[in-house]
Amino acid sequence: MQLNLVTNSSRVKILDLSQPVVMGILNVTPDSFSDGGQYYALDTAFKQAQKMVADGAKIIDIGGESTRPGASAVSLEEELARVIPIIKRVSTQLDVVISIDTSKAQVMREAIAAGAHIINDVRALQQEGALQAAAELAVPVCIMHMQGQPSTMQDAPNYQDVTAEVVAFLQQRIADCVNAGIKRDNIILDPGFGFGKTLEQNYQLLADTRVFHQFGLPVLIGVSRKSMIGNLLQCDESQRLAGSLACATAAAIDGAQILRVHDVRETADVLAVVAQLAKHALNNKQ
């Protein structure tokens, strides 16, 4: 499995997903739940991007609006001011795939023009103009399931069968994307851990990672440092590395193609061990 990415020079860049890859999180925001404010300044953000690439990230996911539970909206102008300078710098100075984490159509357009390769939308291209923008830009898109909106999503999540309902939502959004003109093999799926889910629902989804492979599309798993770890282990964000790596291991073993994380080097080590185990498991079957 692979993604074909078009660069600013119109050359095609291949992202090989035959083995799981690490997507490093770069929040250029003052209020993200785990690292808000740490990489708000351009130079600091770029140094973090450099470090993540050196540590093994194949994708840098750049976001300018926090979507933590209870987060307030950010204006178009503010979001653009946060993300465009760092996208331009990373795209010209580092050899890495860039993802823009946004739900706004205009941010998508300007981010891709600035050098981003992938759109990562927690609202699954449901905001005004987003679906049309993604289709016109003709780049890979990650569509995520979320019940509600960030400001209220954790108030009272409710499902009869969380996995079945997330699958049904993603199936419908795949159809909507294709009908809008997005190539099917340009779609990435994200079950949306922590976005309108309880602790038990999050772990049910993680246990059901293999179910999402039924579509034959790349699956992105993003659980790094989230409350599903903190609430289970009764610890704050600074103490969630072990839990994050346990979740990453489980997701990788179950075939997730992209792991969206804060701790790049440690997750890359996990993936190296999982790949070695998979190789020997294959040898034992032959």
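Here are a few things to note about the model shown:
- Screening Asn120 against (1) in contact with a helix residue (DSSP H, G or I) (Cβ under 9 Å, 6 or more places away or on another chain); (2) under 19 Å from Val83 (Cβ atoms); (3) not in a loop (DSSP other than H, G, I, E, B) leaves a single unmet condition, (1).
- Of all residues in the range 189-225 being among the basic types (Lys, Arg) and under 17 Å from Ile258 (Cα atoms), the one that is nearest to the chain's Cα centre (by Cα): Arg225
- Filter result (assigned to a helix (DSSP H, G or I) and either hydroxyl-bearing (Ser, Thr, Tyr) or closer than 30 Å to Ile14 by Cβ (or both)) within the range 68-85: Glu79, Leu80, Arg82, Val83, Ile84, Pro85
- Residue pairs whose Cβ atoms lie under 6 Å apart, separated by 6 or more positions or on different chains, with the first residue in the range 166-189 and more than 16 Å from Pro218 (Cα to Cα) and in contact (Cβ under 8 Å) with a residue 12 or more places away in the chain and the second crowded, with 21+ Cβ neighbours inside 10 Å and hydrophobic (A, V, I, L, M, F, W, C), are Ala180/Leu131.
- In the range 51-67, the qualifying residues are those that are of a type outside the set (A, V, I, L, M, F, W, C), surrounded by 18 or more Cβ atoms within 10 Å (Cβ to Cβ) and in a loop (DSSP other than H, G, I, E, B), and the one that is modelled with the lowest pLDDT is Thr67.
- For the range 96-117, filtered to residues that are in contact (Cβ under 8 Å) with a residue 40 or more places away in the chain and assigned to a loop (DSSP other than H, G, I, E, B), the residue that is surrounded by the fewest Cβ atoms within 10 Å (Cβ to Cβ) is Gly115.
- All helices (runs of 4 or more DSSP H) inside the range 190-271 with 2 or more residues being among the acidic types (Asp, Glu) and in contact with a helix residue (DSSP H, G or I) (Cβ under 6 Å, 6 or more places away or on another chain): none
- Pairs, first charged (D, E, K, R) in the range 215-231, second surrounded by fewer than 20 Cβ atoms within 10 Å (Cβ to Cβ) and not in a loop (DSSP other than H, G, I, E, B), C-beta under 7 Å, six or more apart: Arg225/Glu237
- Filtering Gln48, Gln93, Gln38 for residues that are modelled with pLDDT of 90 or more and surrounded by fewer than 19 Cβ atoms within 10 Å (Cβ to Cβ) leaves a single hit, Gln93.
The values are calculated or read from the model by the stated rules, or taken from the named source; none is laboratory data. Just so you know, these numbers come straight off a predicted model, no measurement behind them. Here the Cβ is made from the backbone with ideal geometry for all residues, glycine too, and neighbour counts use every protein chain on show.
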